[in-house]
1. Go through Lys91/Lys141; Lys34/Lys91; Lys91/Lys155 and tell me which ones have a Cα-Cα distance over 23 Å in this structure.
2. Read phi for every residue in segment 96-108 and hand back ³J(HN,Hα) as whole Hz from Karplus 6.51 cos²θ - 1.76 cosθ + 1.60, θ = phi - 60°, with x for Gly and Pro.
3. Send over the semi-axes of segment 79-142's equivalent ellipsoid, whole angstrom and largest first, taken as the square roots of 5 times the C-alpha gyration tensor eigenvalues.
4. Given R₀ = 35 Å, FRET efficiency for Ser121-Leu32 by Cβ-Cβ distance, to 0.05?
5. Using 7 Å Cα-to-Cβ label points, what is the Thr130/Lys142 separation (nm, one decimal)?
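Any read-out appearing in this document is the output of simple, stated calculations on the displayed coordinates, not a laboratory observation. These numbers come from a predicted model, not from an experiment. Cβ coordinates were reconstructed from backbone atoms using ideal geometry, including for glycine residues, and neighbour counts include every protein chain displayed.
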Amino acid sequence: MLGLVFGRLLQLNTSRTFLSTMISAGVLVIILGKFLMLYEPVEWNDNFYRQGRGGTLLHSGIALLWTSLFIGFAHLKTSNLFFKLLEFVSKHITIIYVVQWVIIMWMFLIFGYNQLPILPSLFAVFVTSTLSFSIARLLTKKPSLKNTVMKPETKIYDIAGIGIGPFNLGLAALTAPVNNLNTIFIEQKSEFNWHEGMLIPEAHCRFLTSQTW
């Protein structure tokens, strides 16, 4: 619930003043959580997933502080490898999370649960993170343009005529001089034929000129 509240607040406002307030709040929540842990039973804090009020506040403060700091870093618009990595992780956090837990489950089979000293644990974290980021990168890599069929860009027309008959022919002639009017007239045949199959060879019109006046 705290995560939902913090996340919503950070979505609504990411100004520097607000982020500074959230960073200060994170520090205060960490201090409060640590203070409460001093007066709680020791067994409450033996399990990360079953902590008491103090432990919950401590980790909530760390999450708030961590999130606010990295959102603030993102506002710096600094282009380097570290920030590119943060941007990639932010965009693909779900797939990284899934891949990471698959790797962790396999590592449990090899090293056991909560069995490594501090230095091997740090090395395991490094290996797990590196593998997670690398696999996520491969899974989210965009295909090469050489193997991709380029789709034509979508263009919106004001008028579209299907078939170049007498009506659309006249419409095309009337709309041709109009500025800022996008029109398209589509005909399946390669050329326009007036009364195709109904004219005497070499004739251009089935009516006499005098009859059309």
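1. On the way: Lys91/Lys141 13 Å; Lys34/Lys91 32 Å; Lys91/Lys155 30 Å.
From the list (Lys91/Lys141; Lys34/Lys91; Lys91/Lys155), the Cα-Cα distance tops 23 Å for Lys34/Lys91; Lys91/Lys155.
2. 5, 4, 5, 4, 4, 6, 4, 5, 4, 4, 5, 5, 4
3. Working: eigenvalues 120, 41, 13 Å².
The answer is 24, 14, 8 Å, longest axis first.
4. Values: r = 28 Å, r/R0 = 0.80.
After rounding, the FRET efficiency stands at 0.80.
5. 2.8
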